[in-house]
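Some notes on the structure that comes next.
The values are calculated or read from the model by the stated rules, or taken from the named source; none is laboratory data. All values derive from a computational prediction rather than experimental measurement. Neighbour counts run over all protein chains shown; Cβ positions are idealised from the backbone, glycine included. For accessibility, only protein heavy atoms count, side chains too; no ligands or nucleic acids. Shrake-Rupley method; radii C 1.70, N 1.55, O 1.52, S 1.80 Å.
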Amino acid sequence: MEWLEQRALNTYPGVPPKLWLRFVDDTFVIISKDEQDNFFMHINSINTNIKFTQEECHNNNLAFLDCLVQINPKRKLNTVVYRKPTHTDHYLQFGSHHPLIHKLGVIPPSIPADTIISDQSDIPSEKDHIEGALKRSVIQTGHLKRLKNKSQIQTSALPTPTLILNQQPKR
């Protein structure tokens, strides 16, 4: 993809995008409205086997990966956590017979608040949402307490589960 991007950006005769971000096969581009269609046709002409699609902002909002990018009245970008309309907030039931490490593994991916949310005042409501969803999944309270402390919200701060095998005494 990098060669395609470089070629598209370097050979475009118009005004190039102000911002080009890519994660795997998703790109986030800020480009002048006047250049949008021409650049879109240009990038799709680079390689006939690779076709880009585009999605425009609606009501100054655009979903990108797990973020909802919002253009505020001052024309600055804000980000909040985005959940698709089909997202159900259902996670692995803690009472299931899955290994503990699998159950605890549900928590870290569910807590992107500190890295995705740009306005610090939005973080408490997001943490409340996650905590409620995890409580409904019957995650044990001791593990949920780790959600409360912002400094402990990183994956590395979560406890590493240990497996204790009961050994039979030697005869």
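One residue is enough: does region 64-85 have a residue meeting the conditions surrounded by fewer than 17 Cβ atoms within 10 Å (Cβ to Cβ), assigned to a loop (DSSP other than H, G, I, E, B) and among the aliphatic types (A, V, I, L, M)? Yes: one or more hits. When region 52-63 is filtered for residues that are open to solvent by 80 Å² or more (accessible area, probe 1.4 Å) and outside any loop (DSSP other than H, G, I, E, B), only HIS58 remains.
Of the residues making up region 28-51, those that are outside any helix (DSSP H, G or I) and farther than 29 Å from PRO85 by Cα number 5. Inclusion of LEU92 among residues that are modelled with pLDDT under 85, assigned to a loop (DSSP other than H, G, I, E, B), in contact with a His (Cβ under 8 Å, 6 or more places away or on another chain) and open to solvent by less than 80 Å² (accessible area, probe 1.4 Å) is warranted.
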